[in-house]
Amino acid sequence: MHAPELGEQFSDLEHQAAALRFGMWVFVVSEILLFAALFTLYAAYRTMFPSDFRAGVLHNTFAYGTANLFVLLTSGLTAALAVFGARTDRRVFTGVMLSTTAGLGLAFLAIKLTEYGKHIEEGSLPGPWYHYSELPTFGGNRFFTMYWGMTGFHALHLTAGVLVMGWMAVRAFQGRYTARYHVKLEMGSLYWALIDLMWIFLWPILYLS
Amino acid sequence: MNLGLGPSRQAAVNELFRRVLFLPPQSSTMASEIDHLHYFVIATTIAGASMVGLLALYWVLKYRVREGLAPRSDPAPTSPAWLELMLAGSLLGLFCLWWLIGYMQYVRLRVSPKNTLDVYVTGKQWMWKFAYPDGQSSVASLYVPTGRPIRVLLTSRDVIHSFFVPDFRIKQDALPGRYTTAWFEVPEPGTHQVLCAEFCGTGHSVMRGQVVALDPSDYARWLAAGNSDRVVGSLGEDPRAPLGQVGGPSLAGPTNVEGASEEDFPPAQLVNLVRVGTQAAAQQGCLRCHTLDGTPHIGPTWAGLYLGRVPLTTGEVVTADEAYLTESMMDPLAKVHAGYAPVMPSYHGLLSPGETAAIVELIKDLRDVPGRTEPPAERTAEGPPPAAGAIGRAPQERPALPLRQAPGQGPMPPAVEQGLPPPGLQPNPPPVGTIEIAGPNGTRRTVPSAIPVQESKP
Amino acid sequence: MSAPAEILAESTPEPDYLSVESGIWSWLNTRDHKRIGVMFLATVTAMFLIGGCFALAMRTELLTPNRTIMDAMTYDRMFTLHGVTMVWLFLVPSIPASFGNFLLPLQIGARDLAFPKLNLMSFYTFVLGAVITFGGMMVGGTDTGWTFYAPYADSTPTDVVPVVVGIFILGMSSIFSGINFIATTHLMRARGLRWGNMPLFVWTIYATSVIMVLATPVLGMALALVGLDHALRLGIFDPAVGGDPVLFQHIFWFYSHPAVYIMILPGMGVISEVVTTFAHRRLSSYVAVAVSTLGIAFVGFLTWGHHMFVSGMSTFDAGVFGVMSMFVAIFSAIKVFTWTGTLYRGQILVRTPLIYFFGFLFLFVFGGMTGVALATQSLDVHWTDTYFVVAHFHFVMVGGSVTAFLAAAHLWFPKMFGRVYNERMGMLTATAVFIGFVLTFFPQFLLGNMGMPRRYYSYPPRFQFLHVLSTGGAWLLGGAVLLAIGNLVVALRWGARASANPWHSRGFEWLTPSPPPKHNFPVTPQLDFSPYDYSMTEEEARARAGAR
Ligand code: HEA
Ligand code: HEA
Ligand code: CUA
Ligand SMILES: [Cu+2]
């Protein structure tokens, strides 16, 4: 009478799916607050060093940040399509969409690493390693410390996301996500949306103005 | 708390409360007022806690059952909403009253009055160092005159410390890289312990000191006991670190200030802060861009700058107070004076807190020098201030206490402007001998110029 | 009586959760919220005793003005270790992770928490965090105090990194539990159980979980950055490279003030259950307690600045934080009035938990009111960072939360283990805990008034008299705590069998046998009535829950 996925504390799968979805949302809120601490720090230091931060932003390569923005937005779309695929019971489509998402995540990381390489070359490194000659100020140091901290932390999340997506792609090809029960897939793509969202907030404050 | 009693009865009630609550003596002008609020709050706390406790006890005794619970015929009574709201509302009213009184007192504690005598206080692991505007500096003992508001400008060389004088009911954190202020006024001569109240490492609990309040004539003699024309070293390094010996992470056991002998406290080392400031400004190259006589140059002139209104490149206008001046040295590009290029490098780590204080003191000393191109005016300490400079500061009175004018003060000789150091600073043998000071009850006693801390008994 | 009601009755044939499986592995790998709750209970109690040992060592050191038994560096590590252990290893998880875990599903009529695996993971995350924290303390030790203020934490010669990592992991455990509790409360309630009828303990666990989920990540980030600062010299909070140490304080207290409500709210829930259980009547105002619980949870996020009145913040900000602190205090006062009012016209059974209730009432009101006194800014200037603050927070945390923890242990002991403890011994130790407590911490208020700063290894001799009193009290308190816990431990093995509902409570958790069977309720009960309705008999309540 119990489906294999059904925990014994739940009455039916729908109930279980609702609980998991709800729990995931709470987790997302918690993650947002984790980033919020960093955004607060950024805001505080930006009010202390407005011109240095502006100089730092203008120095950052707009193209890298924006390319990454588009990569991530596209991956967000494919992650959503994967959920759509599961909902309509298209096994291969779902798997392909999930692998694409993971691939786009890797592309993001590749672009990010290229950009990091440029920063290392010019010396715009965090904290004690900072020796960027065009902005030899505390403010510049603060900006690039925050930059590395925020993008690094985001990249960590993204790496975790790529692993999750890859694993889910395998499960999708195995046909584990059915139209009746695919809440884990929904949770995964919600997590991916969170990563997207963070970049949407990081992009303007690190590359735009 | 005015209970409608006569002044002597009121004093007796005050004294009774103070002793019952183990409060230290009320040795500053603000202390007794703060204590009155304290009595009010604590008495309410004790009364409230006892009332709640006793009422609960009464009901338990009254409605207690030993065995055999009967099912209730009625659902037990609930408290009517109006009662809850009334209780909560009146309590909130009481709390807000405390907040109001407390906040007003707090603002008075934080905002120092005009005409303060300024002392620069530097905390470092694990000692307090005091630098006076007209020359002296001392370690562990802060000498102040009675009957005059004293402002301490606090900073730290390393981590956060907190300057705490229980007898005055004041406390203020000393933060590295910036200045905070506190003030107090001592009506009676006496000695009051200074404690460090923010954890700062192994020597935290021995980072003590004292405030020695002298009556103004004694204070003047104390000042005179050292010759401020002869100064010791620079403020950058401590000539001796009396508490440093017990410090260090490998500290075996702390030394109490109380138990320490007089030798642990070097008598006042006499340093003319303005002159040290001038010297530091010259050595560090400040004077390559800033002038002291109002002549326009690469950077804004220091003449008449202090407490002037500074228009920023952002369009804002700020007051050039100690905080702004310090920030401008540590992080010059944060607030750039409109009309000047953002070219100044940061001096963080290059200037010691002592030098920073000295340069700020130098700028303060130049506040009555007119800015812009007028030729430097002759001036005396007591004389009415010349019109405010171009930066537009309202004229302000000079401190009332006669401060002895040191030779280095006033408009700088051209040599200084060209970056040459002023006449060198030579070591000063510690002043010998004792001075007589007034004690608390009209007594007089003879003490060396550094006085061991006395236990103040509640 | 209908058939399902019989299933709920004591005579159920299903074995209880303790005896259904045996062997150590059946515990270590369990998904049962009750077993996980018991494992948490054992772990946090051990943490409490360890933290208490550090406290006793500290108190002994403070017997004399100078060195008594240890050197300054050891003392500094000791109070850090004490604070860290007591806050993160004991008090934050104490009631939610042990009693909350055990009782939340029982009180809402669920078979388990929503995510049993996450629950077990939370336990092991906690253990891992504890091991790393203690490991770090053993090898290097940290002397920053539990507040990790920068820039001292950046430059201390001791090693803060392992401790900070440990606390970060403990925070993850908190978040996991919080998510689990929130989802369970929202989605696992039995049929008919409205929010307006939920047991108050559930309300407080729910509110606590909300704070955990919102505030813990911010702390995690702040501590991670301090760890990076210390390890890599990034200088995020170090003024030597343009960082701002006060910013750290803001972020730290943004978590840690709400965290004090994480520590007291579950205790308030316990107290609400104790007072209704032993007065055998409903609360004098259910709505007041439920609403003020949420009030504390939300307004509590706006008061953090009251820890920083002398840090140099603007007087305007200070004023705002001051007045918000006054507001948040009102919610606690409303609760106190409601509890007291609940005694009125009750049928009061005087038992050990009620003695703890008394202790709580007096000590929490006193401690809370001294909190209000501290929020009065001109007074805080004198008191901050003195023993007055130490006394304040021990009154609310030991007199409040730990007392509530002990009350909970006695109240639910028969529920959890199906045995009864020695009642006379229980009452005696409860009284001794109260007396020992007052003797330990009341003198510390006076010390604070005198101006004795906290975190002082050595002190001027004028403070000695009060320190000696406090140390004497601490030993008495330690002995009393040990006896109280010992009394329960003895009863685990030798206590008489308890009946299903020894206190004749109407709480939903008592609808099941004691100890409960593995799946709590064989049939989901129908809980469309109040858990505080004493106009029903026990049998009527059972029948009503099982009907249908
Ligand atoms: C369980 C933990 C807990 C709780 C519940 C509280 C509750 C409160 N705390 Fe406390 N606090 C701490 C734990 C806690 N605190 C800790 C750990 C610290 C120190 C941290 C550190 O620096 O290491 C601290 C420090 C602290 C400070 C900073 C002191 C300083 O360092 O300078 C302040 C200042 O405002 C404060 C205020 C308050 C207030 C206003 C409340 C209010 O919520 C209290 C509300 C309760 C009541 C008001 C009682 C009920 C009242 C009545 C029933 C009325 C009685 C009737 C009559 C008067 C008629 N606390
Ligand atoms: C939940 C929180 C909690 C609890 C329960 C306690 C409990 C106690 N605390 Fe704690 N304390 C803090 C939280 C807590 N404390 C915090 C956060 C700080 C600030 C730290 C900092 O500054 O960073 C602090 C600081 C602090 C200080 C100030 C140190 C200083 O500033 O220099 C003191 C001093 O007296 C003290 C004493 C005590 C005492 C006597 C107890 C007693 O209640 C303890 C009772 C005793 C026991 C429970 C022991 C029972 C065990 C035995 C008798 C031995 C048997 C042992 C085994 C079987 C293993 N504490
Ligand atoms: Cu300096 Cu504590
Ligand atoms: Cu607080």
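Placing pseudo-labels 7 Å out from each Cα toward the beta carbon at residue C:291 and residue A:113 gives an inter-label distance of 5.9 nm.
Just so you know, the averaged projected area of the alpha carbon convex hull for the stretch C:5-546 sits at 23.3 nm². With bins 10 Å wide starting at 0, give me the P(r) of the stretch B:325-369 over every alpha carbon pair, in whole percents. All Cα pairs considered, the percentages come to 28, 45, 27.
Considering only protein heavy atoms and a 1.4 Å probe, what is the carbon-and-sulfur percentage of the accessible area of the protein assembly as shown? Before the final figure, lay out each step's value.
Numbers: 28240 of 42910 Å².
Whole-percent figure for carbon plus sulfur exposure: 66.
With a cut-off of 10 Å between beta carbons, the residues surrounding residue C:349 carry a summed charge of +2, where Lys and Arg count +1 and Asp and Glu -1. For the protein assembly as shown, the Cβ-based charge dipole about the Cα centre amounts to some 2600 debye (Lys, Arg positive; Asp, Glu negative; other atoms uncharged). Averaged over peptide C:532-540, the number of partner chain Cβ atoms lying within 10 Å of each residue's Cβ comes to 3.
How large, in Å, is the stretch B:43-194 by the Kirkwood hydrodynamic radius built from its alpha-carbon pairs?
Values: mean 1/r = 0.0491 Å⁻¹.
Value: 20.4 Å, from the Cα pair sum.
Between beta-carbons, use under 10 Å as the cut-off and find the net charge around residue C:200, counting Lys and Arg +1, Asp and Glu -1.
0
How big is the C-A contact in terms of buried accessible area, both chains counted, 1.4 Å probe, rounded to the nearest 100 Å²?
Numbers: alone 20460 and 10580 Å², together 28320 Å².
Buried surface at the C/A interface: approximately 2700 Å².
For a label point 7 Å from the Cα of residue A:89 along Cα→C-beta, name the residues of the stretch A:174-202 whose backbone N is under 13 Å from it. Correct set: A:177-181. Surface analysis of the stretch A:19-207 yields an accessible area of 41 Å² per residue, using protein heavy atoms and a 1.4 Å probe. If R0 is 22 Å, the Cβ-Cβ spacing of residue C:124 and residue A:200 corresponds to a FRET efficiency of close to 0.05.
Contour minus end-to-end for residue B:314 and residue B:295, with contour as 0.36 nm per residue of separation and end-to-end as the Cα-Cα distance? Intermediate values should be presented prior to the final figure.
Values: separation 19, 0.36 × 19 = 6.84 nm, distance 2.44 nm.
Gain in length upon complete extension: 4.4 nm.
The phi-based Karplus calculation (6.51 cos²θ - 1.76 cosθ + 1.60; θ = phi - 60°) puts the 3J(HN,Hα) values of the stretch B:319-328 at 8, 7, 8, 4, 5, 5, 4, 5, 4, 5 Hz, whole numbers, x for Gly and Pro. Among the residues of the stretch B:311-342, those with an accessible-area drop of 50 Å² or more from chain alone to full protein complex, heavy atoms and 1.4 Å probe, are B:331, B:333.
Does the stretch A:19-207 come out rounded, prolate or oblate by the C-alpha gyration tensor, with a ≥ b ≥ c the root eigenvalues, rounded set by a/c under 1.5 and, if not, prolate when a/b is larger than b/c and oblate if not?
prolate
Per the accessible-area calculation with a 1.4 Å probe, the total area buried between chain B and chain C rounds to 8100 Å². Under Stokes-Einstein, with the Kirkwood radius over Cα pairs standing in for Rh, what whole-number D in µm²/s applies to the protein assembly as shown at 10 °C and 1.306 mPa s? The estimated diffusion coefficient comes to 48 µm²/s.
For every helix of n ≥ 4 consecutive DSSP H residues, a contribution of -39,500 (n - 2.57) applies; sum these over chain C, divide by its total residues, and give [θ] at 222 nm rounded to the nearest 500 deg cm²/dmol. Let's see the in-between values first.
On the way: 20 runs with 353 residues, N = 548.
Here the helix-only value at 222 nm equals -21500 deg cm²/dmol.
Averaged over the residues of A:160-171, the number of partner chain Cβ atoms lying within 10 Å of the residue Cβ comes to 0. Excluding ligands, DNA and RNA, the accessible surface per residue across chain C is 28 Å² with a 1.4 Å probe. Nearest 10 degrees, 0 to 90: what angle lies between the long axis of helix C:423-450 and the longest principal axis of chain C (Cα atoms)? On a 0 to 90 degree scale, this one is about 20. Panel note: contact residues of the stretch C:169-189 (accessible area lowered by at least 30 Å² against the chain on its own; 1.4 Å probe) correspond to C:179, C:187, C:188. Taking the C-alpha atoms only, the angle from helix A:138-173 to the longest principal axis of chain A is near 20 degrees.
So, by mean Cβ neighbours within 10 angstrom, what's the order for A:184-197, B:153-166 with the highest one leading?
B:153-166, A:184-197
Protection proxy ranking for B:206-217, A:90-101, using the average of other Cβ atoms within 10 Å per residue and placing the highest first: B:206-217, A:90-101. Mean partner shielding of peptide C:63-71, defined as the number of other chain Cβ atoms within 10 Å of each residue Cβ, is 2.
Note down, for the stretch B:16-89, the three equivalent ellipsoid semi-axes (square root of 5 times each alpha carbon gyration tensor eigenvalue), biggest first, whole angstrom.
On the way: eigenvalues 373, 61, 6 Å².
One finds semi-axes of 43, 17, 5 Å for the stretch B:16-89.
Relative to one another, the C-alpha centroids of the stretch C:151-227 and the stretch C:28-48 are positioned 17 Å apart.
The values are calculated or read from the model by the stated rules, or taken from the named source; none is laboratory data. Please read all numbers here as calculations on a predicted model, not as lab measurements. As a convention, Cβ positions derive from the backbone with ideal geometry for all residues, glycine included, and neighbour counts pool all protein chains shown. Side chains included, ligands, DNA and RNA excluded: accessible areas come from the protein's heavy atoms. Shrake-Rupley method; radii C 1.70, N 1.55, O 1.52, S 1.80 Å.
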